[in-house]
Every structure is written in structure tokens, then in C-alpha cells.
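Before any comments, here is the structure.
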Amino acid sequence: DHLPVIGPDPRLPGLWHACGHEGAGIGLSAGTGHLLAQALTGADPTLDLAPFAPERWEHAA
């Protein structure tokens, strides 16, 4: 789906993903880090992380 994976892994509590930026990781790293910092500290991220959730493929097929 060409979207990165950003968010907590539902299978392993405490593991968070921030990967799959398809070559744009350098440019998107500051924004991704900001979103993760917000989510990890309990703040509402400035961007909805649902489209980037690691479990989004579980319901495909």
C-alpha cells in the first residue's frame, strides 16, 4: 500500500515500529519521530496513525 508502518505492534507489547518509508526515511524521519514521541507520551498525535498501523494487513485477504 506504499505507506510506512508507524505504531505499536499488537503482538508484542512495548514494541513500536517506524519503518517502511520506501526511500523517503531521511526526509520523513523528523516527522515520524515527532509523531512517535507524541504517541509514546500519551499525547494525541497531530496526524492520525491508524492508516500506518502495523496490524492493517491482518484483515486483508
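The values are calculated or read from the model by the stated rules, or taken from the named source; none is laboratory data. Keep in mind it's a predicted model, so treat the numbers as computed, not measured. Using ideal geometry, Cβ is built from the backbone for each residue, glycine included, and neighbour counts are taken over all protein chains shown. These area figures cover heavy atoms from the full protein model, side chains too; ligands, DNA and RNA do not enter into them. Shrake-Rupley method; radii C 1.70, N 1.55, O 1.52, S 1.80 Å.
Looking only at residues that are loosely packed, with under 12 Cβ neighbours inside 10 Å and at pLDDT 95 or above in region 25-39, which one is farthest from Leu12 (Cα to Cα)? Of everything passing the filter in region 25-39, Ala30 is farthest from Leu12 (Cα to Cα).
Mind checking which pairs have a first residue in region 29-50 that is without any contact (Cβ under 8 Å) to a residue 24 or more places away in the chain and a second that is hydroxyl-bearing (Ser, Thr, Tyr), Cβ under 8 Å, 6 or more apart or different chains? Final answer for the pair search is His34/Thr46; Gln38/Thr46.
Consider region 4-21 and keep the residues that are open to solvent by 40 Å² or more (accessible area, probe 1.4 Å) and part of a loop (DSSP other than H, G, I, E, B). The one that is nearest to Arg56 (Cα to Cα) is Pro10. Taking every residue in region 1-23 that is over 15 Å from Ala50 (Cα atoms) and free of Cβ contacts under 8 Å to residues at least 40 places away in the same chain and pairing it with any residue that is outside any loop (DSSP other than H, G, I, E, B) and open to solvent by 70 Å² or more (accessible area, probe 1.4 Å), at least 6 positions away or on another chain, the pairs with Cβ-Cβ distances below 8 Å are His21/Leu28. Filtering region 22-44 to residues that are touching a strand residue (DSSP E or B) at 6+ places or on another chain (Cβ under 9 Å) and either in a loop (DSSP other than H, G, I, E, B) or among the hydrophobic types (A, V, I, L, M, F, W, C) (or both) leaves Leu35, Leu36, Ala39, Leu40.
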